[in-house]
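*Asks:* Sharing a structure here in structure tokens format.
The values are calculated or read from the model by the stated rules, or taken from the named source; none is laboratory data. Keep in mind it's a predicted model, so treat the numbers as computed, not measured. Positions of Cβ are backbone-derived with ideal geometry, glycine not excepted, and every protein chain shown enters the neighbour counts.
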Amino acid sequence: MAGILVALASLIACEPSSSDPYALSAESSPNQQSLTSRADDKGSSAKGPIVLELFTSQGCSSCPPADRLLRELKSQSDSSESPFPQDLIVLSEHVDYWNRLGWTDPYSSSKFSARQQSYAQLTGDQVYTPQMVIQGKYSMVGHSRSEIVPAIRRAAAMQQHKIELGFVIPPGRTNVSVEARIAGYSGPIVLFLAEDGIQNHVPRGENADRDLLHDGVVRDLKNASCAKGKCKGELDLKPEYHFQNLRIVALLQEPGGPIRGAAQVSLAGNANTE
């Protein structure tokens, strides 16, 4: 697998090969950096949840430690004795550029590769896995606890808009209608459908014969717009999703920029039907 694994001091991350359309310069380090902000703090009123986005792949041998760390951070945040100043929202976004190397990640999508690329365009850095992006602002190797935990604490100081989030599931359960309210806001938001507790066996590729477990796997990603503080959108539901493990996440974010508001709601026990 020459040219695929790149050692970075004591950290190891996976990069796509130079022939991959998402590959950028391998000379720049993927160690922690602050992503350039294109938004301002106007209208910010509160400190909300902290969003962790892990760009990962089942085709990358360096990714399982990052997947485990993301699950651990979620578990700590969900506990009654959370060590974090605010709640964490975790999202696992499986990129598709590893799929040609022996195993097609069943949770991968070009949408997630494009989202990762939008972050990379702000820094001029290469895309790689595993990559953790915190609050759309701080970026580091996805299994580097020593960088991730301090970045979470720095992100806690960012002011955010308050988001009120609700949903309705029409008969048939093929989609979920989402409504978000953000006082005084008119602009874009990003909606995610995420599933926790996903496990599958990987028969081929760099993680051959391993059983992998994930939390926060993004099943759908849609952009939505807001007018006069009211935002509406739809996310797709499929029969294979485990309803009790699904969450809706809404992010107030300019494309590729920092997250200025976040909210999540579980589908389990909160379903309204028309």
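*Asks:* Here is a check on your reading of the model: is THR104 surrounded by fewer than 16 Cβ atoms within 10 Å (Cβ to Cβ) and either in contact with a Leu (Cβ under 8 Å, 6 or more places away or on another chain) or not basic (Lys, Arg) (or both)?
*Replies:* Considered against the rule, which asks whether it is surrounded by fewer than 16 Cβ atoms within 10 Å (Cβ to Cβ) and either in contact with a Leu (Cβ under 8 Å, 6 or more places away or on another chain) or not basic (Lys, Arg) (or both), THR104 comes out as yes.
*Asks:* Given VAL190, VAL178, which one is over 17 Å from PHE55 (Cβ atoms) and under 20 Å from the mean Cα position of the chain (by Cα)?
*Replies:* VAL178
*Asks:* So, in the range 91-101, of the ones that are under 16 Å from the mean Cα position of the chain (by Cα) and buried (at least 24 other Cβ atoms within 10 Å of the Cβ), which residue ends up nearest to PRO49 (Cα to Cα)?
*Replies:* LEU91
*Asks:* Here is a further query. Limited to the range 80-109, what total is found for residues that are assigned to a strand (DSSP E or B) and of a type in the set (Asp, Glu)?
*Replies:* Total meeting the criteria: 1.
*Asks:* Could you tell me which of the residues SER17, SER110 is at pLDDT below 95 and not basic (Lys, Arg)?
*Replies:* After ruling out the rest, the residue left standing is SER17.
*Asks:* Do you know which of the residues in the range 123-158 that are of a type in the set (Lys, Arg) and part of a helix (DSSP H, G or I) is farthest from PRO258 (Cα to Cα)?
*Replies:* My answer is ARG145.
*Asks:* Looking at (1) of a type outside the set (A, V, I, L, M, F, W, C); (2) at pLDDT 95 or above; (3) assigned to a loop (DSSP other than H, G, I, E, B), can you tell me which one LYS162 breaks?
*Replies:* (2)
*Asks:* A follow-up question, please. May I ask you to list pairs of residues, at least six apart or on different chains, whose Cβ atoms are under 7 Å apart, with the first in the range 65-88 being closer than 15 Å to ILE134 by Cβ and the second being among the acidic types (Asp, Glu)?
*Replies:* LEU70/ASP215; LYS74/ASP215; SER77/ASP87
*Asks:* Count, please, the residues in the range 197-218 that happen to be surrounded by fewer than 19 Cβ atoms within 10 Å (Cβ to Cβ) and among the charged types (D, E, K, R).
*Replies:* 4
*Asks:* Looking at SER28, SER75, SER80, SER45, can you tell me which residue is out of contact with any strand residue (DSSP E or B) (no Cβ under 9 Å at 6 or more places or on another chain), farther than 17 Å from VAL141 by Cβ and at pLDDT below 95?
*Replies:* Answer to the selection: SER80.
*Asks:* Assess whether VAL202 counts as being closer than 22 Å to LEU52 by Cβ, touching a Phe, Trp or Tyr at 6+ places or on another chain (Cβ under 8 Å) and of a type outside the set (S, T, N, Q).
*Replies:* Against the criterion (closer than 22 Å to LEU52 by Cβ, touching a Phe, Trp or Tyr at 6+ places or on another chain (Cβ under 8 Å) and of a type outside the set (S, T, N, Q)), VAL202 does not qualify.
*Asks:* Looking at GLN159, GLN117, GLN121, GLN86 in this structure, which one is among the polar types (S, T, N, Q) and in contact with a Ser or Thr (Cβ under 6 Å, 6 or more places away or on another chain)?
*Replies:* Only one candidate passes the filter, namely GLN159.
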